[in-house]
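For reference, the structure discussed in these notes is given below.
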Amino acid sequence: MWHDERGTTAVEFAIVAPVFIALLIGTFALCIALFLVGSLHYAVAITLVRACHPRSPMLPQPAVP
């Protein structure tokens with residue numbers, strides 16, 4: 001009895017490729033999510049610093065007579 005090994009590579013690729021592609025897309029999505037969280041954190045921090053500053057244009061200024 002002889003063993004026909006034609007197509008073995010295609011079968012192995014069909015098994016491994018979806019897992020690899022899922023890991024690749026998941027890693028990319030995680031990187032984007034972490035970037036967005038960092039950007040949002042930075043934007044909120046800068047906004048709070050500017051809003052709490054006494055001469056901030058975001059706060060209403062007292063009327064000068």
> Just to be sure, is Ala17 surrounded by 10 or more Cβ atoms within 10 Å (Cβ to Cβ) and either within 19 Å of the chain's Cα centre (by Cα) or not in a helix (DSSP H, G or I) (or both)?
Replying inline: no
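Just to check your reading of the model, which residue among Gly7, Gly26, Gly38 is of a type in the set (Gly, Ala, Ser) and surrounded by fewer than 10 Cβ atoms within 10 Å (Cβ to Cβ)?
Gly7
Values in this text are rule-based calculations from the coordinates and carry no lab data. Keep in mind that what you see is a predicted model, and the values were worked out from it rather than measured. We place every Cβ from the backbone using ideal geometry, glycine too, and count neighbours over all the protein chains shown.
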